[in-house]
Structure formats: structure tokens, C-alpha cells
1. Given the stretch 92-157, what strands (runs of 3 or more DSSP E) lie entirely inside it while holding 1 or more residues that are at pLDDT 85 or above, among the hydrophobic types (A, V, I, L, M, F, W, C) and open to solvent by less than 10 Å² (accessible area, probe 1.4 Å)?
2. Residue 77: surrounded by fewer than 22 Cβ atoms within 10 Å (Cβ to Cβ), in a strand (DSSP E or B), touching a residue at least 60 places away in the same chain (Cβ under 8 Å) and within 19 Å of the chain's Cα centre (by Cα), yes or no?
3. Just a yes or no: is a residue in the stretch 237-249 open to solvent by less than 20 Å² (accessible area, probe 1.4 Å), out of contact with any His (no Cβ under 6 Å at 6 or more places or on another chain) and assigned to a helix (DSSP H, G or I)?
4. Which residue is surrounded by the most Cβ atoms within 10 Å (Cβ to Cβ), if the candidates are limited to the stretch 282-333 and must be of a type in the set (Asp, Glu) and part of a helix (DSSP H, G or I)?
5. Considering (1) open to solvent by less than 70 Å² (accessible area, probe 1.4 Å); (2) out of contact with any Phe, Trp or Tyr (no Cβ under 7 Å at 6 or more places or on another chain); (3) under 22 Å from residue 367 (Cα atoms), say which one residue 198 fails and leave the rest.
6. Inside the stretch 158-190, can you point out the residues that are among the small types (Gly, Ala, Ser) and surrounded by 18 or more Cβ atoms within 10 Å (Cβ to Cβ)?
7. I need the full set of residues from the stretch 178-208 which are of a type outside the set (Gly, Ala, Ser), closer than 22 Å to residue 64 by Cα and not in a helix (DSSP H, G or I), in order please.
8. How do the pairs read when you match residues in the stretch 310-329 that are within 10 Å of residue 343 (Cβ to Cβ) with residues anywhere that are modelled with pLDDT under 90 and open to solvent by 50 Å² or more (accessible area, probe 1.4 Å), using Cβ under 8 Å and keeping only pairs 6 or more apart or on different chains?
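The values are calculated or read from the model by the stated rules, or taken from the named source; none is laboratory data. Treat the numbers as computed from the prediction; the structure is a model and nothing was measured. Here Cβ is always computed from backbone atoms with ideal geometry, including for glycine, and neighbour counts include all displayed protein chains. What goes into the accessible areas is simple: the full protein's heavy atoms, side chains included, and nothing from ligands, DNA or RNA. Shrake-Rupley method; radii C 1.70, N 1.55, O 1.52, S 1.80 Å.
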Amino acid sequence: MTSSVRVGVDIRPFRAWVLAPERLRGLADRHATPWDRVDVGNSVRLLGEWKRLAVLAREERPAMYVYEQSGPLGVQRGVISAVHLDSRLLPHEDVTPAHTDGMVELMRAGEMSMPPILLGYSGTDRIAEQLDAATRQRPLTELRTPDGQEHRVWRLAEREICGQIIDGLHQRAALIADGHHRHVAARRFRRDVHAAGHGRGPWDYLPALLVDTKRSPLRLRPVHRVLPHADPWKVLAAAQQWFQITALSGPLEEWLDVLRARAYHGPAFIVATPDRAFLLDRPDAHFLAGPCGRFPESLRSMHISVLQAFLDTVRDSPEMTVHYEPSAPRALHVVREVGGIAAITFPPSKLDLSAAAATGVRLPPKATAFGPNPHPGLVLRTLPSPRLP
């Protein structure tokens, strides 16, 4: 079955499962969600347990949901709905195939849709007024998570209000801020369903939190890299060929201050070993033309492209494990515990991301982390899985 890209974002209400936080008390996995599991079997088991214990309550009819969180990680407000996969969604980074494969397997085995992806759009006053009005009512559900964030959800089921929000987004594109792998996995799952002879259905949509970035600006953070099996001295020896290297001292906060200052003048990142740290900047022109040459010209001098190209040259094999960590202190902790190196980087600018998305150019996987991310378990959408070959 063929599909066509919508002019803007095509959304609709859906019949959700909503978390009842009070029923989580006493459970060993109180704050875990089905997507935190390390394998498909455990994920499916936890979702089934949540349903059996009425941790999840099935909504009587389709609705959209106003979602708000606030706390030390920031404030965010948006609307959760089902978004058609052919909507005008603008990706800005590549995905890792193996990670996508696991998500497709989870969707097939557990009849589970992914947690809402995070979309940023430029909204209208009318949509903002509707969301403001909803939050003046009593929340449908609310939860305080261990990180101090307060999460609240309100139901939007009135046909007229939902229609106004749908119309307001019909001519607007949305940037995929977080959820590139979920978006690709949902499209692959939909393709498999259509290839098996099934027509249009719930697999044509995925859940998303749509945030008006004019009223709830998204925080842009870097995603650091950890290579626990890399030889630190081999990495630094390679770096001497292509970068200016400066030894760093003092605490991590001082390293980040130095990185921030240098990053304004060009590509720079920190390589941390279990006991030392070094700033790498001013890449050689031969490096930008050689290892960075596989990137489009507009990306070759971006921090994340230079870092990705460098790490690709020092990995002993493409299969060498790379962990992605949005927290610099946690990345450093891992290296001090297990060895290897941590690469502490600086995020692309929002202008860089918008330009990449508008031109179809993709940054390396896990180039950025927008946030704060929506809670993955408050509003869930199950997905009937038709019989596939």
C-alpha cells in the first residue's frame, strides 16, 4: 500500500491506558516501565502485570491528553495524541539499525506501541488557550518521580476542542526532538503490516507529545559517548595526529567551562580516561577532509560530526560497544569504574538542527537530547498486532 506525506501534522484522539500511580505502591518495579526492560519477554511481562493489577486503567473512549511536567529538570506542557506516520515530521539525526530492530520486535511480540515521541512545533494562541483551560481542572492522573519532577495529565475528549487542535496543527510541520528510533520502528512495523495484506489501521499512527516550543522551549543537551573497551592511550596517540591536545585539571565543572569556551570557536570535545582528561580541539584540515569527508559539507565542522568521525577511526571494530549518556558525571563515573574512555561533547545549536531537518541532512545517531522527556508510562497506547508472516 502506498502512502503520501501530509501537508502538516495529522493527529487524532486514541483510546488510552492511563497509569493509576497509587497502585504502584508495593511493586518492586514501582518506577520502571515496560520499555526499561532489557529484553522483549520482560517488557511484555511487566505490561501484562500492570494490566492485571489495574496499574493501568483503560479509558472508555478516545481522547487527547494535556501533559505537563515541572521540577528541577524543567517545565514542559503539550498535548499527547496519535500522529499519522505520513505527517510532516522533520527528523534531524540517523538511527542505529540494531536498536530499531529491537523496537520492532517489541511491537510485534507485545502488541505495544512505543512511548510518545517528543515533537516540537510553532503553535497558535488558540491551542495554547485550550491547554491552559484544561490545566485549571483537576488532573486525571499525576505522579512525582524520583528525580523530583511532577507529572500531570488532563483528558481532552470534547469533540469541538479536539477539532480546534487538529485544525491548528493541520498546516504545521513538527521537528522530531526525541524518538527517531521509535519513529523509524513504527514505520517499519506499518510497512510489514501492509505487506502482509492488511489495510489502514492503528498501525498507521504512533503516540506523540506535541510541544509548542514558543511557550515551552525545549532544553537542548549533548549526548556523551562511553567506550568501555577502548584503549585510552591508543585513542590519545591517534588524537595527536589530528588535534591540538590540552591536559585538563580540577573538577569536571572546570573541564566543562573550558570546553564551552573553546566550542564557541570550533569543534572541540573532551576525552576522559579513568584518571586523566584532555581537551581536543582545532582539528587538522586533513582530518576534516578525510575522516569527516563522509559527512555532507554543511556538517563537517560540527562538534558531533568531528567527534563521531574521530571515534570511528579509533574503534578496533565497528562492533566495539558505544554507550550513549546524556549526563557527563555519569559518563565519567562509568569510565572510572570499568575503564575505557568517555567523550564529553557540546550540543549542536538549534539553528544547526533546524537547518539539517529542513534540508534533509541527518546528524549522527544520538547527536542531541531534547528535554525534559515525557514520562513513558503515564499515558499508553496498545497496538493490535495482526498476524504477520
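1. 117-121, 150-156
2. Criteria met by residue 77.
3. yes
4. Here is the first cut: in the stretch 282-333, the residues of a type in the set (Asp, Glu) are 284, 297, 312, 316, 319, 325.
From what's left, part of a helix (DSSP H, G or I): 297, 312.
On the way: 297: 10, 312: 15.
Result: 312.
5. The single condition residue 198 does not satisfy is (3).
6. Correct list: 168, 173, 174, 177, 179, 185, 186.
7. Answer for the stretch 178-208, where residues must be of a type outside the set (Gly, Ala, Ser), closer than 22 Å to residue 64 by Cα and not in a helix (DSSP H, G or I): 178, 200, 205, 206, 207.
8. Sorted first by the residue in the stretch 310-329, then by its partner, the pairs are 322/315.
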